[in-house]
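Single-structure report; data block below.
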Amino acid sequence: MDKETQQTAQNVDSLPDQGRRRFLNTAALVGVAGAGISAGLLPNAAGAATGDKSGADFGKVEVHPGQLDEYYSFSSGGHSGDVRVYGLPSGRQFKSIPVFNMDALVGWGLTNESKAVIGTKPDGSLKYNCGDTHHVHQSYTNGTYNGKYSFVNDKINCRLARIRLDTFECDKIIELPNVQGFHGVFPDKRDPVDEKINHTTRVFCGMEFRAPLPNDGRDMHDVKKYGALFTCVDAESMKVKWQVRISGNCDLVATSYDGKLVATNQYDTEEGATYADMMANEMDACCFFNVARIEAMIKAGKNTFTIGDSKVPVVDGRPAANKDPKTAITCYVPVPKSPHGVNASPDGKYFVCSGKLSPTATVIELALVQKWFNGEVKTPRDCVVGEPEIGLGPLHTGFDNKGNAYTTLFLDSQIVKWNVAAAIAQFKGDKKVKVVQDRVDVHYQPGHGFTSMGETKEADGKWFLSDNKFSKDRFLPHGPLHCESAQLIDITGDKMVVLADHTTLSEPHDSIIVRRDIIKTRQIYDLNEFPHAIKDAKDSRIERKGKKVTIHLTSAAPAFSMTEFKVKLGDEVTIILTNLDKVDDLSHGFAIEKYNINFVVNPQQTQSVTFKADKPGVFWCYCTNFCHALHLEMRSRMIVEK
Ligand code: RUQ
Ligand code: CUA
């Protein structure tokens with residue numbers, strides 16, 4: 001073994017004992033994180049164990065040419081604004097689904113159809129053209145994925161997007177009213193109010209950044225008057241149903257399997273405006289919402305109000321308005337120091353909230369929260385049934401099917417495996433029980449981590465993927481902005497084994513791992529879906545109404561239906577292109593030289609663009625997507641006459 005490999009395979013046992021490390025004080029913690037990042041002095045900088053000495057079966061992650069992966073991974077793209085799709089265990093990336101970003105590959109943000117989804121200003125330009133996706137989750141039937149939709153947030157412009165999983169395309173984007181820092185998002189796993197409905201009908205959205213409500217110039221300098229809202233959106237109509245005004249803020253969101261409870265972890269119960277203020281309290285909270293009670297209030301129109309121009313009904317979830325548990329709509333369960341992340345265990349019993357600035361994970365029993373709402377539990381803190389010390393900087397937790405939890409430790413650069421039942425026994429006083437089962441190094445500083453099917457009741461305990469925030473020294477150098485690393489960990493045995501890593505472009509946050517049989521895609525569109533489709537190349541034509549010209553065009557490899565079309569300088573030109581090819585994988589592109597136009601039409605799809613003919617001359621239009629031996633010849637000419 002060469003020196004490098006030896007270093008990489010450094011034994012985890014050489015790390016300091018986690019148990020001896022108590023809460024770090026605030027200053028020390030900031031120092032640890034800062035020094036680690038700037039000076040490259042990351043904990044155990046030798047990096048992740050490759051499992052080299054463990055007899056690891058690296059063949060498990062091999063997917064040979066022509067073989068298919070077992071899982072899809074849907075991953076947020078972070079500030080690139082997209083959603084990525086990978087195959088696991090290979091780590092091969094299939095697609096970047098454009099959502100809040102512009103994407104020349106398919107013409108997202110250029111075509112009229114995508115602009116209608118994204119939203120435009122009165123002049124036809126995009127209202128927003130960037131976004132920050134953090135959390136991507138799928139629609140459920142009875143506690144497991146139904147393959148219908150993915151939902152993803154935009155933290156910058158506070159929008160919720162829906163992706164159709166038959167075509168892997170975004171079909172709806174809405175903006176949440178009076179929200180800043182839309183971070184956590186989770187669909188319900190079944191209807192929380194109507195016992196008979198077993199599928200996702202709602203999507204819940206958290207507001208991380210408290211702001212003046214409404215933000216119209218009032219209260220700007222009085223941080224204490226800012227507020228946060230928790231928002232519920234109808235999953236089908238994508239209309240905002242209601243909001244709850246809360247104390248503190250929202251970070252991530254989790255939903256219960258019985259559909260009755262939704263929660264958001266809160267790291268800023270201090271309601272501060274600087275990080276020092278936000279870290280002041282030793283305890284923050286996990287705020288639970290009683291969805292049935294909220295919906296009843298909204299339905300009765302009782303004690304609802306609106307904020308600013310928004311028509312969305314809002315109810316008051318702040319503690320002062322919810323003193324009696326028997327009528328309360330919110331329950332604030334105290335959780336140590338700035339928790340980040342809340343995750344539901346697949347047995348439906350617990351939510352786990354990580355400490356971030358506390359080395360603990362807090363286990364909250366949902367049945368006890370329900371009892372608190374019935375007045376049968378004394379204080380919200382009595383709903384906590386476990387709080388093991390697991391390591392430094394715990395962020396997100398995934399679960400297997402054997403009662404174990406896997407939490408990312410940002411500061412320790414590790415994944416820690418711990419047993420939930422053991423944590424509960426320890427909390428009850430059992431001093432001998434072994435809570436932490438295993439630790440493994442990752443490279444470096446993991447953010448989210450998640451298990452295969454782990455956000456469903458079909459968690460299968462096969463894989464854990466660690467999305468790491470830093471990749472220094474892991475890959476060939478490629479300039480100052482590094483890619484990030486995702487590491488695949490085999491969790492089938494007692495010991496976790498890191499089997500593979502793949503690059504991800506900056507920067508994925510959360511992902512989910514979905515069994516491949518759940519996803520059923522269509523490979524070809526239906527012409528009838530597109531009102532402007534031309535069904536026969538013979539119907540290709542140029543229509544003029546005053547200065548507005550519409551070019552109805554078709555494609556069939558290797559030709560467009562018109563070899564040229566004429567317009568006049570100053571015309572508003574709309575090109576509607578229908579791809580008549582019916583063969584799977586036979587997509588064409590359409591680009592116009594010097595006119596900044598480029599988009600793709602898939603088999604039997606129709607897409608359109610509108611622009612001003614502001615330059616006279618001849619402009620070649622060509623197919624951008626390699627489709628045929630005569631792909632280069634697949635061209636037309638736009639002739640703009642003076
Ligand atoms: S967050 S690294 Cu945006 Cu999901 Cu925790
Ligand atoms: Cu059509 Cu290339």
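Throughout, read-outs are computed from the coordinates displayed, never taken from laboratory work. Because the structure is predicted, anything quoted here is derived from the model rather than measured. Cβ: placed from backbone, ideal geometry, glycine included. Neighbour counts: every protein chain shown.
Taking only the C-alpha atoms of segment 342-457, Rg followed by Dmax gives 13.9, 47 Å.
Checking every one of the GluC sites (Glu not before Pro) in segment 256-342 against DSSP loop status and a limit of 14 other Cβ atoms within 10 Å picks out GLU282.
Name the trypsin sites (Lys or Arg not before Pro) in segment 482-554 that are in a loop by DSSP and that have at most 10 other C-beta atoms within 10 Å, would you? Write down the numbers at each step before the final one.
Details: sites: LYS495, ARG515, ARG516, LYS520, ARG522, LYS535, LYS538, ARG541, ARG544, LYS545, LYS547, LYS548; in loops: LYS495, LYS520, ARG522, LYS535, LYS547.
Hits after loop and neighbour filter: LYS520.
How high is the relative contact order of segment 236-281, given as a whole-number percent (alpha carbon pairs under 8 Å, six or more residues apart)? Walk me through the intermediate numbers first.
Values: 48 pairs, mean separation 13.2, N = 46.
Relative CO of segment 236-281 lands at 29 percent.
Helices in the chain, meaning DSSP H runs of at least 4 residues, each add -39500 (n - 2.57). Divided by all residues, the mean residue ellipticity at 222 nm is -2500 deg cm²/dmol. When the listed pairs LYS95/LYS568; LYS538/LYS566; LYS432/LYS469 are checked against a 28 Å cut-off, the alpha-carbon distance exceeds it for LYS95/LYS568; LYS432/LYS469.
Note on segment 113-157: Rg/Rh from C-alpha atoms, Kirkwood Rh, equals 1.14.
Using the Cβ-Cβ distance between GLU572 and HIS221 with R0 set to 56 Å, the FRET efficiency from 1/(1 + (r/R0)^6) comes to roughly 0.75. Scalar couplings 3J(HN,Hα) for segment 71-86, obtained by applying the Karplus form with A = 6.51, B = -1.76, C = 1.60 to θ = phi - 60°, are 10, 9, 10, 9, 10, 6, x, x, 6, 8, x, 10, 10, 9, 10, 10 Hz; x denotes Gly and Pro.
Ordering ILE163, ILE592 by the number of other Cβ atoms within 10 Å of each residue's own Cβ, fewest first, gives ILE592, ILE163.
Among CYS232, CYS287, which comes first, second and so on when ranked by fewest other beta-carbon atoms within 10 Å? If you can, show how the numbers build up before the last one.
Values: CYS232 24, CYS287 30.
In increasing order of surrounding Cβ atoms, one gets CYS232, CYS287.
Just flag the trypsin sites (Lys or Arg not before Pro) in segment 383-475 sitting in loop per DSSP whose Cβ has no more than 14 other Cβ atoms within 10 Å. Intermediate results must be reported in sequence, preceding the final value.
Working: sites: LYS402, LYS417, LYS428, LYS431, LYS432, LYS434, ARG439, LYS457, LYS462, LYS469, LYS472, ARG474; in loops: LYS402, LYS431, LYS432, LYS434, LYS457, LYS462, LYS469, LYS472, ARG474.
Within segment 383-475, the qualifying trypsin sites (Lys or Arg not before Pro) (loop, at most 14 other Cβ atoms within 10 Å) are LYS402, LYS431, LYS432, LYS434.
Its residues counted as N, segment 238-351 yields a C-alpha radius of gyration over 2.2 N^0.38 Å of 1.11.
Given segment 527-641, what percent of its DSSP beta bridges are antiparallel, to the nearest 5?
70
In terms of its Cα atoms, the chain spans 84, 70, 48 Å along the principal axes, sorted from long to short.
Entry note: segment 506-584 has Rg to Rh equal to 1.19, where both radii use alpha-carbon atoms and Rh is the Kirkwood radius. Place a +1 charge on the Cβ of each Lys and Arg in the chain and a -1 charge on the Cβ of each Asp and Glu, then give the dipole magnitude about the Cα centre in debye, rounded to the nearest 20. My answer is approximately 1280 debye.
Under Stokes-Einstein, with the Kirkwood radius over Cα pairs as Rh, the value for segment 527-641 at 37 °C and 0.692 mPa s is 235 µm²/s.
Given in Å, the Rg to one decimal and the Dmax to the nearest whole number for the Cα atoms of segment 142-251 are 15.1, 48. Put simply, the amide H of GLY259, placed in the peptide plane, has neighbours under 5 Å in LYS189, ARG190, leaving out anything fewer than 5 places away on its chain.
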